[in-house]
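Heads up: the structure comes next, in structure tokens.
No lab work stands behind these numbers, since they all come straight from the coordinates. Computed from a predicted model, the values in this text were never measured in an experiment. Glycine also receives a Cβ, built like all others from the backbone with ideal geometry; neighbour counts cover every protein chain displayed.
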Amino acid sequence: MTGATGLVGFELLELLRSRGARDVVGASRRGSETVPDVAVWDMSAGEPPPELRRDWDAIVNAAADTRWTQSPEEAERANVASVAALEPLVSDATHVIHVSTAYAIGLRGDIASPDLADYRNTYEWSKAHAERLAAERFTRLTIVRPPLIVGRRGDGHAVRFAGMYLVLRGITSSTIPVVVANADAYFDLIPVDDLTELIADLVAAPGEADGRTLTIAGGEGAPRVAHAFEVMVDALNAWRVERGHEPFAQPKLVTSESWNRFFLPFARDQLTSRQLKILELLENFQPYLGIETPLEPTHPVADMDDPIRASVGFWADSNERAAGLAPRPWKGD
Amino acid sequence: MSEEAVRERVRGLAHDMAPIKPAELTSASRLMADLGYDSLGLLELAGLLEQELELPAFSEDDAMGIETVGDLEQLVLRTLAPVRRR
């Protein structure tokens with residue numbers, strides 16, 4: 001299982017071992033100080049290490065760089081080259097389960113295009129390419145597409161914080177003046193353990209999923225942006241108030257039209273170069289706050305309010321300094 | 001504040017804000033490769049260092065070549081040097 005120390009890989013490794021799966025080996029670019037028996041393998045740079053060179057019943061490819069700000073070359077190296085790197089380990093009998101993203105379908109609704117302009121960012125573009133490559137190279141393949149992923153449903157546990165947590169960081173560090181979003185857009189999130197349960201089931205019994213692409217997501221039932229933010233910030237404030245910190249105001253949601261016409265010109269005049277750079281980076285998140293067409297899941301996920309609350313609480317407990325920062329006015333220095 | 005105290009404050013903040021918290025953070029720890037910082041995280045960290053240590057804003061030139069916690073310590077010490085000499 002590649003990406004064994006990432007958000008999905010860490011959970012899946014634990015789950016598979018707890019279910020008694022035989023001979024489960026993890027691989028990770030960095031290795032791990034805490035997870036036993038993780039082979040060190042930089043999939044973008046080298047051949048598989050000797051300890052991985054054997055026959056496998058199943059390979060789960062959860063290795064990826066999920067940053068939206070990667071250059072095309074970085075994204076290609078991290079997310080496409082890693083698929084090619086699996087080839088020496090895959091026989092005709094090996095079931096490859098490739099963890100992609102629901103947003104690999106980009107702006108057109110499919111993965112066929114090699115043109116970056118058909119995707120929201122290099123991450124989506126590279127994941128679409130990775131799916132096409134996997135379909136060419138592997139005889140037995142299941143592709144699993146999740147949307148944004150948060151911590152476990154029950155306790156919010158996560159070993160990495162990306163996606164939704166970017167917004168939390170922006171709020172607590174007072175770097176987001178407003179949130180550029182469509183309040184009614186779908187903000188599709190799933191708990192990591194909903195995803196890993198599905199993948200573990202596929203490892204145990206591929207069945208009809210062999211050869212298919214599965215989407216696990218909220219779809220029509222996903223929370224809307226305004227509601228998700230309300231739940232997120234209320235949960236953050238409950239954590240803060242319990243510890244004697246001042247709560248944050250709910251961030252104002254503005255449309256991209258308002259942002260471009262009114263806020264951005266003001267920002268360019270009033271803010272420091274660093275604040276402007278932060279805004280530029282946060283712009284990468286905006287496409288995911290304006291998705292008006294719901295995903296079409298093969299495996300629907302429901303009831304995300306409590307998982308969002310749990311994930312916020314866990315993030316705050318794990319990042320007390322960041323979560324407890326005092327609100328600061330958002331103005332140029 | 002002594003040089004060692006400054007270094008401890010920098011390492012403490014770099015640890016507290018790091019997406020990946022290692023068992024041991026040292027001056028050799030790489031901000032992106034080891035601690036999981038992304039571009040946004042580094043900008044946030046810079047802002048918090050400025051705030052907590054009452055520093056003038058770092059320039060983009062200052063930030064060039066900052067790869068490790070040790071590089072960050074040196075940057076903060078250089079920035080503080082005129083103040084510490086008074």
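Please give me the summed charge of the neighbours of A:Ala181: other residues whose Cβ is under 15 Å from its Cβ, Lys and Arg +1, Asp and Glu -1.
It works out to a net charge of -3.
When averaged across all projection directions, what area in nm² does the alpha-carbon convex hull of region A:1-136 cover?
For region A:1-136, the mean projected area of the Cα convex hull comes to 8.3 nm².
Counting only other residues whose beta carbon sits under 11 Å from that of A:Thr69, what net charge do I get with K and R as +1, D and E as -1?
Here the charged neighbours net out to -4.
Over every pair of different alpha-carbon atoms in region A:105-152, take the mean of 1/r and invert it; report that Kirkwood radius in Å.
Taking the inverse mean of 1/r over all distinct Cα pairs, region A:105-152 comes out at 11.7 Å.
In whole Hz, with x marking every Gly and Pro, tabulate ³J(HN,Hα) for region A:21-36 from phi via Karplus 6.51 cos²θ - 1.76 cosθ + 1.60, θ = phi - 60°.
Listing the rounded values in order: 4, 7, 6, 9, 10, x, 9, 8, 5, 9, x, 8, 7, 10, 9, x Hz.
Can you order the peptides B:71-77, B:22-28, A:66-72, A:149-155 by their average number of other Cβ atoms within 10 Å per residue, highest first?
Answer by packing, highest mean first, reads A:149-155, B:71-77, A:66-72, B:22-28.
For A:His95, list long-range residues whose amide hydrogen, built 1.01 Å from N in the peptide plane, is under 5 Å from its own amide hydrogen.
Residues meeting the criterion, in which the H sits 1.01 Å from N, are A:Ala58, A:Ile59.
Please work out, to two decimal places, the log10 of the ratio I(q)/I(0) at q = 0.23, 0.24, 0.31 Å⁻¹ from a Debye calculation in which every Cα of region A:182-229 carries one identical scatterer.
-0.83, -0.86, -1.11
If you project the alpha carbons of the protein assembly as shown onto their three principal axes, what span does each projection cover, largest first, in Å?
Principal axes ranked by extent give 72, 47, 43 Å for the Cα atoms.
Run through the DSSP bridge list for chain A and note the antiparallel percent, rounded to the nearest 5.
5 percent
Counting just the Cα atoms, what span does region A:79-229 cover along each of its three principal axes? Round to the nearest Å and put the largest first.
Principal extents (Cα only, largest first): 52, 38, 28 Å.
Kindly provide the helix-only [θ] at 222 nm of the protein assembly as shown, computed as the sum of -39,500 (n - 2.57) over DSSP H runs of four or more divided by all residues, to the nearest 500 deg cm²/dmol?
Computed ellipticity for the protein assembly as shown at 222 nm equals -12000 deg cm²/dmol.
Which of these, A:Gly218, A:Gly20, A:Gly290, has the largest mean-square fluctuation under a Gaussian network model of chain A (Cα springs below 10 Å)?
For chain A, modelled as a Gaussian network with Cα springs under 10 Å, the answer is A:Gly20.
Out of every Cα pair in chain B, what percent are spaced more than 22 Å from each other?
17 percent
Placing one identical point scatterer on every Cα of region A:165-318 and ignoring solvent, what is log10 I(q)/I(0) from the Debye formula at q = 0.12, 0.14, 0.15, 0.20 Å⁻¹?
Ignoring solvent entirely, the Cα scatterers give -0.62, -0.80, -0.89, -1.27.
Which shape class, rounded, prolate or oblate, goes with region A:171-252 when its Cα gyration tensor gives a ≥ b ≥ c as root eigenvalues, a/c under 1.5 marks rounded, and past that a/b bigger than b/c marks prolate?
Prolate.
Can you give the mean number of other chain Cβ atoms that lie within 10 Å of the Cβ atoms in peptide A:169-175?
That works out to 3 on average.
Please tell me the relative contact order of chain A in percent, rounded to the nearest whole number, where contacts are Cα pairs under 8 Å and at least six residues apart.
19 percent
How much net charge surrounds A:Ala27 when only other residues with a Cβ under 11 Å from its Cβ are counted (Lys, Arg +1; Asp, Glu -1)?
Charge balance in the 11 Å sphere: -1.
Using Cα-Cα distances under 8 Å and only pairs 6 or more residues apart, what relative contact order does region A:1-123 have, in percent?
Once normalised by length, the contact order is 24 percent.
What average number of partner chain Cβ atoms lie no more than 10 Å from the Cβ of the residues making up B:14-21?
The shielding value for this peptide is 4.
Calculate the mean, over all residues of peptide B:41-53, of how many other protein chain Cβ atoms lie within 10 angstrom of the residue's Cβ.
4
Scan around A:Leu214 for amide H atoms under 5 Å from its own, H built in the peptide plane at 1.01 Å from N, and keep only partners 5 or more places away or cross-chain.
It is A:Ile143, A:Val144, A:Arg145, by chain and number.
Residue by residue through region A:195-209, what is 3J(HN,Hα) from phi via Karplus (6.51 cos²θ - 1.76 cosθ + 1.60, θ = phi - 60°)? Round to whole Hz and write x for glycine and proline.
5, 5, 4, 4, 5, 4, 4, 5, 5, 6, 8, x, x, 6, 6
Rounded if a/c is under 1.5, else prolate if a/b is larger than b/c, else oblate: which is region A:24-67, with a ≥ b ≥ c the root eigenvalues of its Cα gyration tensor?
Taking the square roots of the gyration eigenvalues as a ≥ b ≥ c, region A:24-67 is rounded.
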